[in-house]
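First up is the structure itself, then whatever we jot down about it.
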């Protein structure tokens, strides 16, 4: 896809959301040559081929979620949309195929199924592992000189003046998992406050 086409497209596209989405898909097509290979959208029967296929799909999903700061993937809403559909080659993942890929991500510690009303159609996506999120929080605490200080969850992820760019708008479920990781490691103490939590960093 030529640079000129990208430029022309951007000048006529008024919806910045769709422009951003378009450019992200262009990046995926550039970064992963398999994305334009029709069999890539069908789960492969050969074990070694499937393993390589899973490697790339896991990377694409994590990359897509990271670029969009998405922490939850809904199967019903995602099917039929890029990156799970490639109009250029007329291919898309089926629900069964996407479930197989997400199951693999769960095995690799990169996703977690959510049970909503007795159904598993949503996944938390860990484009960073919980221990990596914990390291980012720990570095933020050190940079801000917050050791020995009590902080609210809001201050960590919602306060534009104090929150680290990587932590801003972090999903609270992932935040709590990272804080519990730090608590288990002796680096923090969680305190229940009304209907939320505070955390004291040690």
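Any read-out appearing in this document is the output of simple, stated calculations on the displayed coordinates, not a laboratory observation. If you're wondering where the values come from, they're calculated on a predicted model, not measured in any experiment. Cβ placement follows ideal geometry from the backbone for every residue including glycine, while neighbour counts extend to all protein chains displayed.
A few notes on this one:
- Ranking of 112, 132 by neighbouring Cβ atoms within 10 Å, starting from the fewest: 132, 112.
- Least to most buried among 31, 171, 47 (fewest other Cβ within 10 Å first): 47, 31, 171
- Ranked by how many other Cβ atoms sit within 10 Å of their own Cβ, fewest first, the residues 32, 64 fall in the order 32, 64.
- Distant alpha-carbon pairs in the range 100-171 (separation over 15 angstrom), percent: 62 percent
- Separation between Cα centres of the range 89-110 and the range 137-162, rounded to whole Å: 36 Å
- When the Cα atoms of the range 130-201 are aligned to their principal axes, the ranges along those axes come out at 25, 24, 22 Å in descending order.
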